[in-house]
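Engineer: Below you'll find the structure I mean.
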Amino acid sequence: MRTRPHALPVRLLAGALITAQAACGGWRSSVLAPQQLIETNHPGTVRVTTVAGEQVTLHNPFLFGDSLSGFTDTRNGPKRARTVALADILSVETPDGGSPLLVAGGITLAIVAVVAALNDPKPQRPRPTTGSTEGLALGSCPAIDSWDGRDWRLDSGTYSGAITAGLARAEVDNLEYAVPEAGTLRLRVRTEPGETDHIDAVEVLAVTHPADARPIPDAAGRIHAVGVLTSPLTATDDRGRDVRTQVARRDGYRWESIPTGRDTASLSDIRSWLDLTFLRPPGAETARLVLDAVTTPWAAYLNREMIALNGTATDDWYAMIDRIPVAAAMFTATRTREAWLSLQLRTKDGWVPQGVYSEAGGEVGREQLVTLDLSAVEGDTVQVRLESAPSFWLVDYAGMDFGPATPVSVASLVPVRATTHDGRDVLPLLSRADRDALVQETGDWVELTYAVPQSTDDARVSYLVRTTGWYRIHTPHAGEPRTALLTQLATEPWAISRLSTMRLNEALAQMEARAADR
């Protein structure tokens, strides 16, 4: 399963990493050549006028060979890749004003969008969403919106990777935008394109904690209070890049591994990592590493492709996972090893595993932490390594809390209403995790209302959501099952990482060929 490492210059894709500018207000002409404008100013949106008089608005533009590429119709419909030859460009304009918007997909959003367009001449036109996989119908996980007092805001993507009943799980996430109003708190859980959701329970947790701390969950759903976070002294990835600027603060400027130049025969190429060094306070024996991160559109794309390998036996594969606990446990272990973000700590005895960060669906970034035991660490610095398959993760921020563990008080809010988009009362279905789930299809949603008691102490109250359930990704149940490859993926260490790298190389080759044909 060896493939040639692709040498497509990373600069041709770099625009996909930059925060975008909303195209509101007017436009102003650029005095720079298109190449210089993209490479120097990194605009999130440009309007191109061609020598033929056509005007094309490109969102998330990037240079690709002798062309300028980007996406059209990102606000009112699904994403479409569009390429304009540099020789055909008469002028380029950028938005006059506007506010920065997060480009959640990174480089792999460009790769997935182009490959999807090449492989599907009649792509689906699902309901637009605000997620990074908007319009691609990959199937990701249920999305949770919070009412902030004025509008609904995307706040979480939940139990990512629970793709069948045998993999159902609970997950805890912070609600950053939920604001109690008139003694109630409101959420909506909606189903994204390309999936069917089975929502078992939705519980809102009121967490009381010191005013100078924040509650953050770990991968198991345990809630910890963290205080002041220390930014890394250094941050270097597997390609030797200094990426501290990307991960030193929560600003939407995210680290993503380089997808190009990777040889499937090399273990160092089919894995990617991020090494972080922190200054260790005297006497610190424990710490908590907090990440704000999200999985990429490529991870969702590859997940869908691997399920599709089952072909006409897809339903049989789901039934095996659902009925045989050992099969489900083996699948989870493989997925955790290959796709979740593992954390290792450098000690006097070498790299020691410390825990994992669970999949965070591609809709929105999520904060998680892992607790570290520093007793075997020597010196006044702490070095950690985050590792996964290449192009699976986007990391916005990494920070270390060296303070003592702070207790928190957790109480469940009382649910008072749960109403579907078509007016059904489903409160009994969602009040407790009992495997009696609400089933939703693309575009469906359920709104939940919770009673919020008045706080009487000086501590701060934050809200988190604990959801339980699973979902089913829509894939074609066609073709002969790829039994040998599926067995290899299930049993051979790093086989999923190798397959992912091979598919990335193929996708980049398709993109290069497409650019050469224009």
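Engineer: Region 296-363: which trypsin sites (Lys or Arg not before Pro) are DSSP loop and have at most 16 other beta-carbon atoms within 10 angstrom?
Structural biologist: Of the trypsin sites (Lys or Arg not before Pro), the ones in loops of region 296-363 whose Cβ has at most 16 other Cβ atoms within 10 Å are Lys348.
Engineer: Still on this structure: Describe numerically, in nm with one decimal, the distance between label points set 7 Å from Cα along Cα→Cβ at Asp434 and at Asp242.
Structural biologist: Simple spin-label model gives 6.0 nm for this pair.
Engineer: If you plug each phi of region 444-453 into the Karplus form 6.51 cos²θ - 1.76 cosθ + 1.60 with θ = phi - 60°, what whole-Hz ³J(HN,Hα) values come out, in order, with x for Gly and Pro?
Structural biologist: Couplings: 6, 8, 10, 9, 10, 10, 10, 7, 10, x Hz.
Engineer: Tell me, what is the FRET efficiency for Gln510 and Gln35 to the nearest 0.05, using R0 = 35 angstrom and their Cβ-Cβ distance as r?
Structural biologist: Working: r = 23 Å, r/R0 = 0.66.
Using R0 = 35 Å, I get an efficiency of 0.90.
Engineer: Under the definition of Cα pairs under 8 Å and six or more residues apart, what whole-number percent is the relative contact order of region 153-239?
Structural biologist: Across region 153-239, relative contact order equals 21 percent.
Engineer: Ok, one more. Please give the contour-minus-distance gain from Glu176 to Asp251: 0.36 nm per residue of separation, less the Cα-Cα distance, rounded to one decimal in nm.
Structural biologist: Here the segment from Glu176 to Asp251 would lengthen by 25.5 nm.
Engineer: Using only alpha carbons, build the gyration tensor for region 184-260 and give me the equivalent ellipsoid semi-axes, biggest first, whole Å.
Structural biologist: Calculated on Cα positions only, the semi-axes equal 31, 24, 11 Å.
Engineer: Shifting gears a bit: Return the sequence-ordered ³J(HN,Hα) values of region 335-348 in whole Hz as given by the Karplus equation 6.51 cos²θ - 1.76 cosθ + 1.60 applied to θ = phi - 60°, using x for Gly and Pro.
Structural biologist: Taking θ as phi minus 60°, the curve returns 5, 5, 5, 8, 10, 6, 8, 8, 10, 10, 10, 7, 10, 5 Hz for region 335-348.
Engineer: Same structure again: Distance in nm between label sites at Arg323 and Gln55, each 7 Å beyond Cα in the beta-carbon direction?
Structural biologist: Output for this residue pair reads 6.1 nm.
Engineer: Under the Karplus relation 6.51 cos²θ - 1.76 cosθ + 1.60, θ = phi - 60°, what is the ordered set of whole-Hz ³J(HN,Hα) values for region 480-497, x standing for Gly and Pro?
Structural biologist: 5, x, 8, 4, 5, 5, 5, 5, 4, 5, 7, 10, 8, x, 6, 5, 5, 4
Engineer: Taking the alpha-carbon set of region 351-481, what are its Rg and Dmax in Å?
Structural biologist: Spelled out, the Cα radius of gyration and Dmax of region 351-481 are 21.0, 63 Å.
Engineer: Counting only other residues whose beta carbon sits under 15 Å from that of Asp373, what net charge do I get with K and R as +1, D and E as -1? Write out the running numbers ahead of the final one.
Structural biologist: On the way: positive: Arg280, Arg288, Arg346, Lys348; negative: Asp218, Glu285, Asp349, Glu378, Asp401.
That works out to -1.
Engineer: Next question. At a 10 Å Cβ-Cβ cut-off, how would you order Asp434, Asp292, fewest neighbours first?
Structural biologist: Details: Asp434 11, Asp292 22.
Ranked by crowding around the Cβ, least crowded first: Asp434, Asp292.
Engineer: What are the residues whose amide H is under 5 Å from the amide H of Thr442, where those residues sit 5 or more places off or on another chain and H is modelled from the backbone?
Structural biologist: Sorted by chain and number, the residues that satisfy this are Glu195.
Engineer: Can you put Thr449, Thr286 in order of Cβ neighbours within 10 angstrom, beginning with the fewest?
Structural biologist: Thr286, Thr449
Engineer: Using only alpha-carbon positions, what ratio does the radius of gyration of region 440-500 give when scaled by 2.2 N^0.38 Å?
Structural biologist: 2.12
Engineer: Then there's this: How far apart, in nanometres, would the label points at Asp263 and Glu441 be if each is projected 7 angstrom from Cα along the Cα-to-Cβ direction?
Structural biologist: Each label point lies 7 Å from its Cα, and together they span 5.0 nm.
Quick note: the coordinates plus some simple rules give every number you see, no bench work behind them. Everything quoted here is computed from the prediction, not taken from an experiment. Cβ: placed from backbone, ideal geometry, glycine included. Neighbour counts: every protein chain shown.
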